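Undergrad: Sending over a structure as structure tokens; questions will come in a sec.
Nothing in this text is a laboratory measurement; each read-out follows from the coordinates by a stated rule. Computed from a predicted model, the values in this text were never measured in an experiment. All Cβ positions, glycine included, derive from the backbone under ideal geometry; neighbour counts span all protein chains shown.
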Amino acid sequence: MSIAQPTELGQVSSTEHIKQLEQEYLLQNYARYPLVLRRGKGCYVYDIEGNRYLDLISGIGVNSLGYAHPRITKVIRQQAGLLLHCSNLYYHEYQGKLAERIAKASGLQRSFFCNSGAEAMEGGLKMIRSHGHAISPEKFEIVSLEGSFHGRTFGALSVTGQPKYRKDFEPLLPGPRFVPRNDIAALEQVVNENTAGILLEFVQGEGGIFPMSEAFVRKARELADRHDALLLFDEIQCGVGRPGTYFAYQLLDPPVLPDIMVAAKPMACGIPLGVITANERAASTIKAGMHGSTYGGGPLACRVALEFFDILDELLPSIVQVGGYFRMRLTELARQYSFIKEIRGPGLMIGVELDFPGKQLVLDGMKEGLLFNCTHDTVLRFLPPYILTEQDVDRAITGLNKLFKNTKRPEA
């Protein structure tokens, strides 16, 4: 492995040296791909040896405006010279503005800012538990979906419907009930007077890019109302512009409004920021002193998110158009390759399901200058930046076609 040359940023380490340091000093909890990234521009990233990659996963949906976006870069530079952090002991000028912007975009009333999707989910769960506790000590059950993924903290793990994530940490929180996605009969059977909340991702991300049916979502809203439970939509991966609307529940006409919505990934373009947004009924469950965050909603993250929403207003039509073009081109590939079972997902959230595990295709894709990943073992996941163009899609399809042409199914 060659060593990168000195640059204006100073001497950089070799790939092997970087890997060695991590192996010696970091927890070994990540199965990293053999790639060291150094910089990015637009939809492309570059490794420390200067090789270029079309990024179709964008930090698992975080780098929504790609890399080095001029407007985001300008805002970060300006705010870094003013105020990075002031804590929630005091006001700053951007948190209220961002909450107003999200209220107008979401149809909900009040927001709480934190640092991540998992942290937002924890706060949403506290709202649900507080709501149920005020009614009855027995009203603490939470209904979630099989195949769901809500985060890696204890509460979020407890309501994640994939045993592989929960098994090493049990016992977790009591009360979760899991039903198959889009199974209305199962949902009706489980929701009862002891149900405090119902959770769903409008499109399951980690679970394989599976959208919820309109009938299932509307039934969840009906049952939550009937049994005085709170309905929470997890939009951490599937929302905030990615489906071609501000939030995924707005894909329905008319939309089904949740009581609580949690979001995070794309909102601050790589700066940690999560949000819980709720109607007045759900927001009233959290009183002064019941919840908080040291870093959440700081001036830098909030100002960047405000700029992001201004840019997103202009990008939503393109997300729909380019996402549709991407699915069309992938459908052309599916006609050529019988191992492609299904292509699904809205906007720029696309899953390509194969009839065999896709990990090797991810590794081979890097050699072709394409970054994507594989979730649920057999689903190639594409979460590209919102600035993706049809020309970028053509580049991706050329590379994927080459990969598929050389693909041999693993023997059973």
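Undergrad: Subtracting the Cα-Cα distance from 0.36 nm times the residue separation, let me have the gained length for N51 to L173 in nm, one decimal. Intermediate results must be reported in sequence, preceding the final value.
TA: Working: separation 122, 0.36 × 122 = 43.92 nm, distance 4.58 nm.
39.3 nm is the gain from fully extending N51 to L173.
Undergrad: Separate question: For a quick size check, give me the Cα extents of region 281-385 along its three principal axes, largest first, whole Å.
TA: That gives 58, 32, 31 Å along the principal axes, largest extent first.
Undergrad: Let me have the relative contact order for region 1-130, percent, based on Cα pairs under 8 Å that are six or more residues apart.
TA: Details: 81 pairs, mean separation 15.6, N = 130.
With pairs under 8 Å counted, the relative contact order is 12 percent.
Undergrad: Pull up all non-local amide H partners of C114: gap of 5 or more, or a different chain, and H-to-H distance under 5 Å with H placed in the peptide plane.
TA: G274, V275, I276, G297
Undergrad: Would you calculate the separation in nanometres between label points at D253 and K367, each defined as 7 Å from the Cα along the Cα-to-beta-carbon direction?
TA: Distance between the two pseudo-spin positions: 4.7 nm.
Undergrad: Place a label point 7 angstrom from the Cα of K402 along the Cα-to-Cβ direction, then list the residues of region 349-373 whose backbone nitrogen is under 16 Å away.
TA: Hits in region 349-373 for K402 at 16 Å: 361-372.
Undergrad: Using θ = phi - 60° and the Karplus form 6.51 cos²θ - 1.76 cosθ + 1.60, what ³J(HN,Hα) does each residue of region 127-135 get, whole Hz, x for Gly and Pro?
TA: Using θ = phi - 60°, the values come out as 4, 4, 5, 5, 4, x, 4, 5, 9 Hz.
Undergrad: I need the calculated FRET efficiency for the pair E100 and Q336, taking r as the beta carbon distance and R₀ as 45 Å, to the nearest 0.05.
TA: Working: r = 49 Å, r/R0 = 1.09.
With R0 = 45 Å, the Cβ-Cβ based efficiency is 0.35.
Undergrad: Still on this structure, I have one more. Amide H of R181 versus every other amide H placed in the peptide plane: which residues, excluding those fewer than 5 positions away on the same chain, fall under 5 Å?
TA: Answer set, sorted by chain and number: E146.
Undergrad: How high is the relative contact order of the chain, in percent, counting Cα pairs under 8 Å that sit 6 or more residues apart? Mind showing how you got there, number by number?
TA: Numbers: 792 pairs, mean separation 82.9, N = 412.
That works out to 20 percent.
Undergrad: What order do you get for 152-162, 286-296, 260-270, 217-227 when each peptide is scored by the mean count of other beta carbon atoms within 10 Å, highest first?
TA: Values: 152-162: 21.1, 286-296: 13.4, 260-270: 27.7, 217-227: 17.5.
Final packing ranking: 260-270, 152-162, 217-227, 286-296.
Undergrad: Using 0.36 nm per residue of separation minus the Cα-Cα distance, give me the extension gain between K19 and D310 in nm, one decimal. If you can, show how the numbers build up before the last one.
TA: On the way: separation 291, 0.36 × 291 = 104.76 nm, distance 3.88 nm.
Here the answer is 100.9 nm.
Undergrad: Could you go through region 313-329 in sequence order and give the Karplus-derived ³J(HN,Hα) for each residue, using 6.51 cos²θ - 1.76 cosθ + 1.60 with θ = phi - 60°, rounded to whole Hz, and x for Gly and Pro?
TA: Couplings: 3, 7, 8, 3, x, 5, 4, 5, 5, 5, x, x, 5, 4, 5, 4, 5 Hz.
Undergrad: Computed from the mean reciprocal separation of all distinct C-alpha pairs, what Kirkwood hydrodynamic radius does region 44-155 have, in Å? Write down the numbers at each step before the final one.
TA: Values: mean 1/r = 0.0547 Å⁻¹.
After inverting the mean inverse Cα-Cα distance, the result is 18.3 Å.
Undergrad: Assuming R0 = 25 Å, can you tell me the calculated FRET efficiency for the pair E193 and E214, based on Cβ-Cβ distance, to the nearest 0.05? Walk me through the numbers before you get to the answer.
TA: Values: r = 26 Å, r/R0 = 1.05.
After rounding to 0.05, the efficiency reads 0.40.
Undergrad: Quick check: Cα centre of region 240-269 to Cα centre of region 158-181, how many Å?
TA: Value for the Cα centre distance between the two parts: 24 Å.
Undergrad: Sticking with this one: Given an 8 Å cut-off on Cα distances and at least 6 residues of separation, report the relative contact order of region 73-311 as a percent.
TA: On the way: 471 pairs, mean separation 70.5, N = 239.
Over region 73-311, the number comes to 30 percent.
Undergrad: I'd like the per residue volume of the convex hull spanned by the Cα atoms of the chain, given in cubic angstrom.
TA: Values: hull volume 67.6 nm³, N = 412.
Taking only Cα atoms, the chain has a hull volume of 164 Å³ per residue.
Undergrad: Between region 38-65 and region 359-411, what's the alpha-carbon centroid distance in Å?
TA: Their Cα centres are 14 Å away from one another.
Undergrad: Multiplying the sequence separation of H85 and D183 by 0.36 nm and subtracting their Cα-Cα distance, what value in nm do you get? Kindly include the intermediate steps, with their values, before the conclusion.
TA: Values: separation 98, 0.36 × 98 = 35.28 nm, distance 4.55 nm.
Between H85 and D183, full extension yields an extra 30.7 nm.
Undergrad: Which ³J(HN,Hα) values, rounded to whole Hz and listed in residue order, are derived for region 34-43 from phi using the Karplus coefficients 6.51, -1.76 and 1.60 in 6.51 cos²θ - 1.76 cosθ + 1.60 with θ = phi - 60°, glycine and proline given as x?
TA: My calculation for region 34-43 gives x, 8, 10, 8, 10, 8, x, 8, x, 8 Hz in order.
Undergrad: Sticking with this structure for a sec: Enter the mean projected area of the convex hull around the alpha-carbon atoms of region 228-287, in nm², rounded to one decimal. Could you put the intermediate results ahead of the total?
TA: Details: hull surface 19.2 nm².
Averaged projected area of region 228-287's Cα convex hull equals 4.8 nm².
Undergrad: Which angle from 0 to 90°, rounded to the nearest 10, does the C-alpha axis of helix 214-226 make with the longest principal axis of the chain?
TA: For helix 214-226, the angle is close to 30 degrees.
Undergrad: Counting C-alpha atoms alone, how compact is region 73-311: give Rg to one decimal and Dmax as a whole number, in angstrom.
TA: 17.4, 56
Undergrad: Amide H to amide H under 5 Å from L348: which residues, 5+ apart in sequence or cross-chain, H placed 1.01 Å off N in plane?
TA: Close amide H contacts, sequence-distant or interchain: G244.
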